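Trainee: Just dropping this structure here.
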Amino acid sequence: NATLLTGSAPTRARFSFEVFPARSGAAALALGHAVQHLSAADPDFISVTYGANGSNRDASLDLLKYLRNNTTALPLAHLTTVGESREALRQTIHGIMDAGVHDFLALRGDPPRGASESDPSVLGSPSSVELLEIIAQVRAERPPLTSVGRTVVAAYPNGHPQSRSRSEDIDWLIAKQGAGAQFAITQLFFRADDYLSFVAEARDAGLHIPVLPGLMPVSTSAQLRKVASLAGQPAPAELEHEMEAEGGFAPELGVEYAVSLARELLEGGAPSIHLYTFNRHEQVLAVLRELNLLTPSPVG
Ligand code: FAD
């Protein structure tokens with residue numbers, strides 16, 4: 001388990017998952033079921049979003065604790081700085097570590113609903129690089145760990161909306177590497193070359209940490225539009241049309257697209273794949289099964 005995190009050579013491509021806290025009791029029950037299946041697939045880690053999708057932050061901590069106490073998966077905590085003071089962040093990090101979770105995805109976070117990028121609360125928030133420094137300080141104050149606590153950051157193959165050029169994104173990613181990031185996970189994208197050319201340029205500029213491509217097998221046209229807005233790119237026209245032809249619901253098309261994208265990425269040198277699950281296990285496990293990455297076979 002956790003091949004990527006322990007550094008031993010993987011015998012086959014590895015994978016990890018992202019989930020978000022449930023927004024209702026019924027959704028929490030379904031999520032408990034899904035994470036059992038995800039965990040049984042033996043991922044390197046399962047990351048839990050923070051403050052995103054309107055979900056509250058205590059719910060993120062509860063989900064991290066659930067993963068820690070009820071599954072064999074390694075939980076990785078997303079943490080955002082927007083609207084937080086350094087002291088509040090320190091307390092939050094201590095709280096997460098007190099729960100036995102030591103791995104973080106350090107993010108600035110999106111502005112809260114109704115606020116813009118130029119809002120003083122957003123502009124005045126610590127950056128992701130400052131968050132990496134705060135995490136390192138908190139780690140140094142605590143008893144040494146028996147396991148490795150890793151720090152992860154976000155990368156944007158098609159550019160962060162605030163960035164003016166690819167080289168700015170690459171410089172910023174290298175600054176995160178300099179502040180202690182051990183690997184990066186990308187924003188969603190549709191075309192293998194977006195990732196491969198970004199990583200190649202970043203390597204030339206001095207990036208040496210692994211960059212995990214983030215993929216999501218979409219089930220519906222609405223999800224496809226959501227991915228397009230996150231990717232900052234139009235959805236592939238053929239996929240969009242085929243999905244519409246199925247009445248806007250076609251999980252098998254999303255799986256097929258993700259499988260072929262993952263194949264190109266792994267053949268192009270991606271170290272592993274990070275799957276955005278949308279809190280469902282069926283599609284992401286179907287992708288891994290098609291790629292022949294599931295051993296041992298998960299339950300169910
Ligand atoms: P930063 O790394 O701080 O900066 C983002 C961009 O701003 C940089 O790429 C760069 O273009 C520019 N920039 C900022 N400062 C500088 C500088 N000093 N010099 C040059 N350029 C600069 N959001 C949530 O709210 N919750 C989540 O759980 C969550 N999970 C995510 C997981 C992944 C894998 C990804 C890719 C994104 C996630 N997000 C989440 C969204 C993320 O918070 C937003 O994209 C946010 O706008 C940027 O966060 P960041 O940490 O990448 O920002």
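Every read-out reported here was derived from the displayed coordinates using simple, explicitly stated rules and does not represent laboratory data. Please read these numbers as outputs of a predicted model, since none were measured by experiment. Glycine gets a Cβ as well: all are built from the backbone with ideal geometry, and neighbour counts include every protein chain shown.
Trainee: Taking the Cα centre of the stretch 136-243 as the origin and placing charges on Cβ (Lys, Arg +1; Asp, Glu -1), which of Phe183, Met216, Gly232 is farthest toward the positive end of the dipole?
Mentor: Phe183
Trainee: Counting only Cα, what are the radius of gyration and maximum Cα-Cα distance Dmax of the stretch 78-225, in Å?
Mentor: My reading of the Cα-based Rg and Dmax gives 16.3, 48 Å.
Trainee: Report the relative contact order of the chain, percent, no decimals, based on alpha-carbon pairs under 8 angstrom and at least 6 residues apart. Mind showing how you got there, number by number?
Mentor: Working: 491 pairs, mean separation 58.7, N = 300.
That works out to 20 percent.
Trainee: While we're on this one: Using the Kirkwood radius built from alpha carbon pairs, what does the Stokes-Einstein equation give as D for the stretch 23-91 at 25 °C and 0.890 mPa s, in µm² per second?
Mentor: 189 µm²/s
Trainee: How do Glu87, Glu240 rank when sorted from fewest to most other Cβ atoms within 10 Å of their own Cβ?
Mentor: Listed from fewest to most nearby Cβ atoms, that is Glu87, Glu240.
Trainee: Here's something else I'd like to know. From the helices alone, meaning DSSP H stretches of at least four residues, give me the mean residue ellipticity at 222 nm for the chain, per-run term -39500 (n - 2.57), in deg cm²/dmol to the nearest 500.
Mentor: Value at 222 nm, helices only: -14000 deg cm²/dmol.
Trainee: So what does the Cα-only Debye profile of the chain read at q = 0.11, 0.13 Å⁻¹, as log10 I(q)/I(0), no solvent term?
Mentor: -0.65, -0.94
Trainee: At His94 and Ser167, where each label point lies 7 Å from the Cα along Cα→Cβ, what is the point-to-point distance in nanometres?
Mentor: Between His94 and Ser167, the simple spin-label model gives 4.4 nm.
Trainee: Next up: Beyond 12 Å, what percent of the Cα pairs of the stretch 94-155 remain?
Mentor: Tail fraction, whole percent: 72.
Trainee: Return the FRET efficiency for the residue pair Lys226, Ala200: r is the Cβ-Cβ distance, R0 is 25 Å, and the value is rounded to the nearest 0.05.
Mentor: Step by step, r from the Cβ atoms, then E = 0.35.
Trainee: From the convex hull of the Cα coordinates of the stretch 216-269, what is the mean projected area in square nanometres?
Mentor: Projected area, direction-averaged: 3.6 nm².
Trainee: Same structure again: Let me know the Rg and Dmax you get for the stretch 155-220 when you use only its Cα atoms, in Å.
Mentor: 11.8, 39
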